[in-house]
Ligand SMILES: [Zn+2]
């Protein structure tokens, strides 16, 4: 890890640094986390930062927030190379790559308005992850393009 | 036990299909043998959209097994109208019956409902999704008329919204049939179904013209193209007209071609086809009772 990166990571006291996000996807990462600024979260974003691995990458840092598995799973769909750094007391205590899950829960909304998951039922959305895209486990609708457009939190 | 639910034809194995059809053939040959088999058992009927035919067929099947039905009745007279969730409705009703049959206008409704109940649940149609018991009776009819080996089936009409078609296509793939899909460009198979068929190694092709494939078919399965799928009446008439058959159309077909239709039909099969050897759609509808008897029997015995 270069000094420059170390500096960037250690800037937050407590929370998560999501690094190696596909260039241009930072705002979608925030959408997955349900962050739009109205909740007062302390967030910093680097967009299209030069990266050895990716050419250009985004970096998202969120103070005081650790990611749930559901969030990480959906993240992997839009930023498959992302690394998640959990920071406590200025130290990176955990660092891991995202993995493509078999299934993503809750975070995406089915685009089929005639799908039971889009109604007022006590059921979370569930999507199987395909080689290309995802598919609703209830109505079989496949989302292949712009998965981020279907993010729905809360 | 979730494996007892019948939600989608996708989940039916070749062996599972054959065992239901074998049982149906046994029952059809000797219905008296099962006349008291499920005396005292109750089938709960949850029809969230009207379907007189499917409902009658299930009622007849349950009663011919010696059992009875309890019926939620029309939605506008039930607590559903007061805004009760489907999850709540099925959890209440499962206490009244040994198995449930459900038809619902939304896709995925049967799958979701099955996650909330312990009694077996049979999907009798979920929106544009699946209709597996129709598929079983279709397969029964096809097996009886043409057998499953070296079988080529043409499926024509509304392939996009027709749940009967989606279920059937999955099952025909499972039994190894070749499939020729014939529809207007705007009503082709949905992406999800096409994806599954490819994944399952289906032997299939898509066409817009019946003439291209008619001569090679053992079975032609016709479905209705509905006016509401088109922007205007003229467009509908123009397109739908190309997917109607009559006795003359069938002169280009094999002599033993079997014509099927899930009924009700409107004008996609002309009445003059009824008189030909090809017509099998009324027999197909009658087969619904022994096939549903077989399925209910297997489910109520816990042998699925
Ligand atoms: Zn869905």
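The values are calculated or read from the model by the stated rules, or taken from the named source; none is laboratory data. None of the values given here were measured: they were computed from a predicted structure. With ideal geometry, Cβ positions are generated from the backbone for all residues, glycine too; neighbour counts draw on all protein chains shown.
Computed quantities for the displayed model
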{"item": "Residue check, residue B:220 touching a strand residue (DSSP E or B) at 6+ places or on another chain (Cβ under 8 Å), outside the structural domain of residue B:98 (by TED's automatic domain parsing), closer than 30 Å to residue B:22 by Cβ and outside any loop (DSSP other than H, G, I, E, B)", "result": "yes"}
{"item": "Test result for residue A:36, more than 14 Å from chain B (Cβ to nearest Cβ), more than 16 Å from the ligand (Cβ to nearest atom), on the phi < 0 side of the Ramachandran plot and buried (at least 16 other Cβ atoms within 10 Å of the Cβ)", "result": "no"}
{"item": "Residues satisfying the stated conditions in segment B:224-257, i.e. touching a helix residue (DSSP H, G or I) at 6+ places or on another chain (Cβ under 6 Å), in a loop (DSSP other than H, G, I, E, B) and surrounded by fewer than 17 Cβ atoms within 10 Å (Cβ to Cβ)", "result": "B:246, B:247"}
{"item": "Conditions (1) more than 15 Å from the ligand (Cβ to nearest atom); (2) part of a loop (DSSP other than H, G, I, E, B): number failed by residue A:95", "result": "(2)"}
{"item": "Test result for residue B:99, in the same structural domain as residue B:48 (by TED's automatic domain parsing) and within 16 Å of the ligand (Cβ to nearest atom)", "result": "no"}
{"item": "Exclusive hit being more than 14 Å from chain A (Cβ to nearest Cβ), assigned to a helix (DSSP H, G or I) and within 19 Å of residue B:106 (Cα to Cα), set B:55, B:63", "result": "B:55"}
{"item": "From the options B:158, B:98, B:118, residue that is buried (at least 22 other Cβ atoms within 10 Å of the Cβ) and in contact (Cβ under 8 Å) with a residue 24 or more places away in the chain", "result": "B:158"}
{"item": "Enumeration of residues in segment A:110-154 that are near the ligand (Cβ under 9 Å from one of its atoms) and touching a residue at least 40 places away in the same chain (Cβ under 8 Å)", "result": "A:110"}
{"item": "Test for residue A:72: is it within 16 Å of the ligand (Cβ to nearest atom), surrounded by 13 or more Cβ atoms within 10 Å (Cβ to Cβ) and touching a residue at least 24 places away in the same chain (Cβ under 8 Å)", "result": "no"}
{"item": "Per-region count, segment B:84-94, residues assigned to a loop (DSSP other than H, G, I, E, B) and more than 8 Å from every other protein chain (Cβ to nearest Cβ)", "result": "1"}
{"item": "Residue in segment A:113-129 that is within 14 Å of another protein chain (Cβ to nearest Cβ) and closer than 20 Å to residue A:21 by Cα present", "result": "yes"}
{"item": "Residue A:104 away from chain B (no Cβ under 14 Å) and either within 16 Å of the ligand (Cβ to nearest atom) or at pLDDT 95 or above (or both)", "result": "yes"}
{"item": "Enumerated helices (runs of 4 or more DSSP H) restricted to segment B:95-178, each holding at least 1 residues that are away from chain A (no Cβ under 14 Å) and under 26 Å from residue B:214 (Cβ atoms)", "result": "B:132-146, B:163-174"}
